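Student: One structure, as structure tokens, below. Some questions next.
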Protein chains: 4
Amino acid sequence: MSDPVRIGLLGCGRIGYMHAELLSRRVQGTTLAAVYDVFSEAAASVAEAYGAQHASSAAELIEADDVDAVAICSSTDTHIDLLVEAAAAGKPAFVEKPLSLDLAEVDRGIAAATEAGIGVQVGFNRRFDSAHRHVRDRVAAGEVGDVHLVRISSRDPDPPPISYIEVSGGIFCDMTIHDFDMARFVTGSEAVEVYATGGVRVDPAIGEAGDLDTAVVIVTHANGAITTIDNSRRAVYGYDQRLEAFGSAGMACSDNPTSATASYWDADGSHGRPLPYFFLDRYIPSYEAEWNAFVAMVHGGPSPVTLADGRAPLVMGLAAWASVREGRPVPVAEIG
Amino acid sequence: MSDPVRIGLLGCGRIGYMHAELLSRRVQGTTLAAVYDVFSEAAASVAEAYGAQHASSAAELIEADDVDAVAICSSTDTHIDLLVEAAAAGKPAFVEKPLSLDLAEVDRGIAAATEAGIGVQVGFNRRFDSAHRHVRDRVAAGEVGDVHLVRISSRDPDPPPISYIEVSGGIFCDMTIHDFDMARFVTGSEAVEVYATGGVRVDPAIGEAGDLDTAVVIVTHANGAITTIDNSRRAVYGYDQRLEAFGSAGMACSDNPTSATASYWDADGSHGRPLPYFFLDRYIPSYEAEWNAFVAMVHGGPSPVTLADGRAPLVMGLAAWASVREGRPVPVAEIG
Amino acid sequence: MSDPVRIGLLGCGRIGYMHAELLSRRVQGTTLAAVYDVFSEAAASVAEAYGAQHASSAAELIEADDVDAVAICSSTDTHIDLLVEAAAAGKPAFVEKPLSLDLAEVDRGIAAATEAGIGVQVGFNRRFDSAHRHVRDRVAAGEVGDVHLVRISSRDPDPPPISYIEVSGGIFCDMTIHDFDMARFVTGSEAVEVYATGGVRVDPAIGEAGDLDTAVVIVTHANGAITTIDNSRRAVYGYDQRLEAFGSAGMACSDNPTSATASYWDADGSHGRPLPYFFLDRYIPSYEAEWNAFVAMVHGGPSPVTLADGRAPLVMGLAAWASVREGRPVPVAEIG
Amino acid sequence: MSDPVRIGLLGCGRIGYMHAELLSRRVQGTTLAAVYDVFSEAAASVAEAYGAQHASSAAELIEADDVDAVAICSSTDTHIDLLVEAAAAGKPAFVEKPLSLDLAEVDRGIAAATEAGIGVQVGFNRRFDSAHRHVRDRVAAGEVGDVHLVRISSRDPDPPPISYIEVSGGIFCDMTIHDFDMARFVTGSEAVEVYATGGVRVDPAIGEAGDLDTAVVIVTHANGAITTIDNSRRAVYGYDQRLEAFGSAGMACSDNPTSATASYWDADGSHGRPLPYFFLDRYIPSYEAEWNAFVAMVHGGPSPVTLADGRAPLVMGLAAWASVREGRPVPVAEIG
């Protein structure tokens, strides 16, 4: 067995905290070596909870001899700078989604990583969910035949704070971006056109921030498949994550798990258990599998989610915003 | 296409009324020629509703030239006399379950039918239910392998009137008898031993009538399979009819349909539609298929549910009663 | 109990034949009095099978004293002429969908029926499906809250003949029209804009006939709800008919029934039974309920599916075609 | 937050290894302080993997100052001796099931623990499974009403080695003992009578070892509820663990989870994912919850699974063996 990969974690917010727990306790093959956050208290808390060093700067962490690889989980606008630093240090990097909201920035990161030849994995964890992956695997195995239609419903239980929404890139670059990734992942085909529409149905403050909270997107793929996506920032019944690929030979579906496989029956019928509340309940095994794949990449394997895989959904998100603004289907090639 | 089989219906109670509707409207290949009931009003009502003749006696109906076959749906204690009359007239007969509560009577009926060479089909409609039949077919095709365990839950929504219970033969000969039939049907193997227990949990009046309303039975089959059955006279959530066969190669299951394949989701989870209320909601297609099989038998085919198939579950029911009385497993051979 | 409604059936093709069977055998409260078809053999066959008169012309049937109401199940281009004749005769009418492919014709029919004051019901049978209706009822009861998203998948097992496709009005006016009706029915809100796209993935001959066989539609409703519809002319796994309404208070879903509630389990997992093959397997109870509603209308009740309900989905279908031709979302008001 | 509970683990076989991983990595509030096994290599391997001390004897481990509580996961015949030692040292103890195969031994352990006043929790992990617990909670909340019937299917994917079977106490004391615990847990009522039967259908070697591999049990409870249990040592489709409580007010069910909530549809119908292979796949969250409860007990809470809860299912297992030997229902009071 190889030595564990010593990971330096940049960013100790909600998602960073989760990764710290995974890296130090759940994932075989990693240790959490060091952490950093611009909010010193956040980093100190993680450092203490998981026995990691508390680096005094991102640069110190990235360059530390006992850090083999970095996990970039800080705010989106810092991702590319940190990636470029990791490339300069020759350290493999995990980068949370979205890579950036600025395509030029993304391209700068890709150039740096490519030149340095570091392995980079983008944090599209849903590719590692066993149910979604089943859909992809059936398609890849030819069991769905030619893919004609993909259907994705992706609904959060509650909106994030408005302060977050304001810097998030809006629903298409923050939330739908996962679904754009799924559309590419499942079909194995690039998007050529995006049509999007939506509304503000959940919270007027989201509209005042210039965003939508309810959205529908149609993606046309190069291979002729058509993906429909619907999103809501609030599903009162929990975190709703469904995916289905339909084709000439069959259909593969990923349905929601429930919090327990239990039911109650009375004269009104059956009563099943609720959905998981949110991604920490639903997707922990996918995050764990994501890190297993990262370990394999650090040990010489290919990236399971490349920078190109990180760039394409951002282009689709920008195309979706253009579509909403202009009321027309937008060719992806117009955006980048 | 053959001429329709002209059926004479004996007994116009609840089950007879249902058969009249099926024979005159739903089943291809039959007409309802004549009806008779000791309660003249019941017969008159059916005769008018479905345009059948109202015979003045059972004998007149059985012997009528324009009656090709008879359906014996009268009270249980009249079944064998009527079957013997049908045999004497050389008319094929459908007989509702149970054939009788008296084994000697059953044997008299079998002797008469055998001597006359008439086709007889016993009314175990559940053999024609598509979901139960799927279980049997998987077993018969070898996909379950050697059958090790069969599990049957069979629960009514509400008890019948006490007046009915008093003449019903009790839960094992009235209600469990269907499950005994299913156990034989699914395993393809005779019962060799029966152990039964139960209680009065639904209505003390059922206990005062000498019956149980809640029962559990273990049947050991000649091929080593073991069937467990549970029954209740009152399931508040509707008519619960489940069946499962487990063996060396797999498991086949028949689950409950619901009244609609629809659901509602809120923060408490999912809410599905109720089960069908009772046999008229659940089993109508099986009754229709039962008649199609009868038509095929009248046209020369084999009986799909023979008199021997009618006799064996009665023996099992009598063995179950002996088991409850004596607190021990009862070999079926002790009973008959 | 009222006297049965004596129905005259115009059109004895596949759908007419089905209605004849329902009207004469299944539906309480109707008799099939007379039939007519331009193909005399088709009418003769139905007349004989169900004991109805074989009228020598549509006019003779419509005007017959012993015909209380007419069922217009002939080819689409004859619907309005026959409706106008029924109006002239003062006879209530059932009209199959679509009313016509020509809005001016539809409006001529509406004018005639309105002037004559006859009751008219349009044949959108899915409104009577118990699972779809459950969704509508949850919305109408406020349990879904404000409706934000409606999702409809509607996929046929096999395309109709090309000869039919050529006169069908294309996928949007022939097949999606049912889904347009469902979108209005479930949301209780009119469409204001339609965006549609699609492709030819199933059979190139469908494309050569100027039609699509795979389609996706987004409908924006007056109340802000957004409906997504996907259609295919060929689902190899059977007739796929799903519907879901999502809103501020919950979600209501109509899922597919299967041909039997049975399963088989082996080391590969579970194996469930197929979907119903097509509408005759899936929707017979809805057709029966449709006729019960028609009987109630003839006896003085309101129309459950009005001529306005027949017109609106045609407008949506025409808007969908305009959207595909012009590559833009089309306001319904542009069409009519 | 309290200091973590420092646990000494006795027994480093398959189940001990699993507990070591949970105690050191997953469970909040515990550390794995020391380990011991009569097979020194097993203990050394666990000690190294999880950074625990490797004690040179059970006594040294139990008495160590830095061991706050002990986990007794060694072979069944050593449980009581170790429990008595833990009692002598005043250390709280977790004891795997079964406590012993000898009731007198169990009573000796109970006496020692009671006298010492130590907290003891028996390892019936299924009480902590969220789906099974849902059933218990519905019963406890009165939503099932008076419990009439409980139905348990509990089937392993593969038999253990014959060498294990020979010292296991046989199917009723090794495997069904979990179901006996569930029957008491769910009904909240003691067993008064046990009837059991079974066969050797999976492997003749199991029969040669004097055991059964296929079994059915009926348990009658003090409150009148009747539980049926079926067991098999080999379910080819995976680890089948189902539980259902039926009563006067409703039914609560715990069904099997599958390895992914995904399906594939083709012309044969639907194809779902397999069941979890075995308890490590299915029950890890229940083991984790079990330890959380243990931590709460060590911090002063009540035992969630008392020694009395450990004793009663053993009595039921012994009664089941008596029933099989003697072919009669056996009152639990006869056994102890």
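Read the figures in this text as sums done on the coordinates, not as results from a lab. Here the structure is a predicted model, which is why all the values come from computation and not from measurement. Here the Cβ positions follow ideal geometry from the backbone for every residue, glycine too, while neighbour counts run over all protein chains shown.
Student: Residue by residue through region B:120-132, which ³J(HN,Hα) values in whole Hz follow from phi under the Karplus form 6.51 cos²θ - 1.76 cosθ + 1.60 (θ = phi - 60°), with glycine and proline marked x?
Tutor: These are the phi-based 3J(HN,Hα) values: 10, 10, 8, x, 8, 5, 5, 4, 9, 6, 5, 6, 4 Hz.
Student: Now for a separate question. Taking a ≥ b ≥ c as the square roots of the Cα gyration tensor eigenvalues, with a/c under 1.5 meaning rounded and otherwise prolate when a/b beats b/c, else oblate, which class fits the protein assembly as shown?
Tutor: Taking the square roots of the gyration eigenvalues as a ≥ b ≥ c, the protein assembly as shown is oblate.
Student: Still on this structure: Between A:86, A:29, A:57, whose Cα lies farthest towards the positive end of the dipole of region A:5-118 when Lys and Arg beta carbons carry +1 and Asp and Glu beta carbons carry -1, centred on the Cα centre?
Tutor: Result: A:29.
Student: Using amide H atoms built in the peptide plane, which far-off residues or other-chain residues are under 5 Å from residue D:53 H to H?
Tutor: D:34, D:35
Student: Oh, and also: Once a ≥ b ≥ c are taken as the square roots of the eigenvalues of the Cα gyration tensor of region D:246-336, is the result rounded (a/c under 1.5), prolate (a/b larger than b/c) or oblate (a/b not larger than b/c)?
Tutor: Taking the square roots of the gyration eigenvalues as a ≥ b ≥ c, region D:246-336 is oblate.
Student: To the nearest 500 deg cm²/dmol, what mean residue ellipticity at 222 nm is calculated for chain C from DSSP H runs of n ≥ 4 alone, each contributing -39,500 (n - 2.57), summed and divided by the residues?
Tutor: For chain C, the value works out to -11000 deg cm²/dmol.
Student: Where does helix A:284-298 land angle-wise versus the long Cα axis of chain A, in degrees 0 to 90, nearest 10?
Tutor: Taking Cα atoms only, the helix is inclined about 50 degrees.
Student: For residue B:140, what is the net charge nearby, where nearby means another residue's Cβ is under 14 Å from its Cβ and Lys, Arg count +1, Asp, Glu -1?
Tutor: +2
Student: Could you give the size of the charge dipole of region A:5-118 about its Cα centre, using +1 on the Cβ of each K and R and -1 on the Cβ of each D and E, expressed in debye and rounded to the nearest 20?
Tutor: 460 debye
Student: Add +1 for every Lys or Arg and -1 for every Asp or Glu among the other residues with Cβ under 9 Å from the Cβ of residue B:224, and state the total.
Tutor: In short, 0.
Student: Right, another one. Quick one: grab the alpha carbon gyration tensor of region A:64-113, order the square roots of its eigenvalues as a ≥ b ≥ c, and give me rounded if a/c is under 1.5, else prolate or oblate depending on whether a/b is larger than b/c.
Tutor: oblate
Student: Now for a different question. Can you work out the Karplus-derived ³J(HN,Hα) for every residue in region C:53-64? Use 6.51 cos²θ - 1.76 cosθ + 1.60 with θ = phi - 60°, whole Hz, and x for glycine or proline.
Tutor: 6, 9, 6, 8, 7, 4, 4, 4, 4, 4, 8, 4
Student: Follow-up question, since we're still on this one. Could you give the dipole magnitude of chain C about its Cα centre, charging the beta-carbon of Lys and Arg +1 and that of Asp and Glu -1, in debye to the nearest 20?
Tutor: 800 debye
Student: If you don't mind, another one. Roughly how big is the protein assembly as shown's charge dipole about its Cα centre, with Cβ charges of +1 (Lys, Arg) and -1 (Asp, Glu), in debye to the nearest 20?
Tutor: 0 debye
Student: Give a residue-ordered list of calculated ³J(HN,Hα) values for region C:170-181 (Karplus: 6.51 cos²θ - 1.76 cosθ + 1.60, θ = phi - 60°; whole Hz; x for Gly, Pro).
Tutor: Couplings: x, 3, 6, 8, 9, 10, 4, 4, 5, 6, 4, 4 Hz.
Student: Considering the zone a paramagnetic label at residue B:146 would reach in this model (a point 7 Å from Cα along the Cα-to-Cβ line), which residues of region D:194-224 have amide N under 20 Å from it?
Tutor: Within reach of a label on residue B:146: D:197-217.
Student: Tally Lys and Arg at +1 and Asp and Glu at -1 over the other residues with C-beta under 14 Å from the C-beta of residue C:289: what net charge comes out?
Tutor: Charge balance near residue C:289 sits at +2.
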